[in-house]
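Below is one structure; the comments refer to it alone.
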Amino acid sequence: MMRRYFASGTVQGVGFRHYTRREALRLGLTGWVRNLPDGRVEVVAAGLAEQLDAFERFLRQGPPGASVTSLQALDVPDEAELAPAFEIR
């Protein structure tokens, strides 16, 4: 299963990508995270539904220093090529 997330709020300049990568690796997910020019953070993650649900709970709260005001989650086809781990782009 694969999901794409868009986090809004204070999510850039607060270590969001690094914390997100660490949590994804802890949960055994593959995928990537990147900053967007509009101030949001985009995340694509693949794993089991239970892993993705736990990851989404993390993303809704964010790391210390972040303030997530909105999180959009979309199921996406498992067709995307992902690295064998979780990377920061």
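Which residues, counting only those in the stretch 44-57, are buried (at least 18 other Cβ atoms within 10 Å of the Cβ) and in a helix (DSSP H, G or I)?
Start the filter on the stretch 44-57 by keeping residues that are buried (at least 18 other Cβ atoms within 10 Å of the Cβ), which leaves 44-47, 52, 55.
The answer is 52, 55.
When residue 30 is evaluated against the numbered criteria (1) touching a helix residue (DSSP H, G or I) at 6+ places or on another chain (Cβ under 7 Å); (2) surrounded by 17 or more Cβ atoms within 10 Å (Cβ to Cβ), which criterion, by number, is the only one it fails?
(1)
Would you check if there is a residue in the stretch 10-20 being aromatic (Phe, Trp, Tyr) and modelled with pLDDT under 95?
Kept after step one, since they are aromatic (Phe, Trp, Tyr), are these residues of the stretch 10-20: 16, 19.
Then keep just the ones that are modelled with pLDDT under 95; that gives none.
No: zero hits.
Write out, first by first residue and then by second, each pair whose Cβ atoms fall under 7 Å of each other, whose residues are 6+ apart or on separate chains, and whose first residue, in the stretch 40-58, is touching a residue at least 24 places away in the same chain (Cβ under 8 Å) while the second is among the hydroxyl-bearing types (Ser, Thr, Tyr) and surrounded by fewer than 17 Cβ atoms within 10 Å (Cβ to Cβ).
40/8
Go through the stretch 1-43 and give me each residue that's assigned to a strand (DSSP E or B) and either farther than 23 Å from residue 84 by Cα or in contact with a Lys or Arg (Cβ under 6 Å, 6 or more places away or on another chain) (or both).
We begin by selecting, within the stretch 1-43, every residue assigned to a strand (DSSP E or B); these are 2-10, 30-35, 41-43.
If the condition is that a residue be assigned to a strand (DSSP E or B) and either farther than 23 Å from residue 84 by Cα or in contact with a Lys or Arg (Cβ under 6 Å, 6 or more places away or on another chain) (or both), then 6, 7, 8, 9, 10, 32, 33, 34, 42 are the ones that fit.
The values are calculated or read from the model by the stated rules, or taken from the named source; none is laboratory data. The structure displayed is predicted, hence computed values, not measured ones. For neighbour counting, all protein chains shown are included, and Cβ atoms are generated from backbone atoms with ideal geometry for every residue, glycine included.
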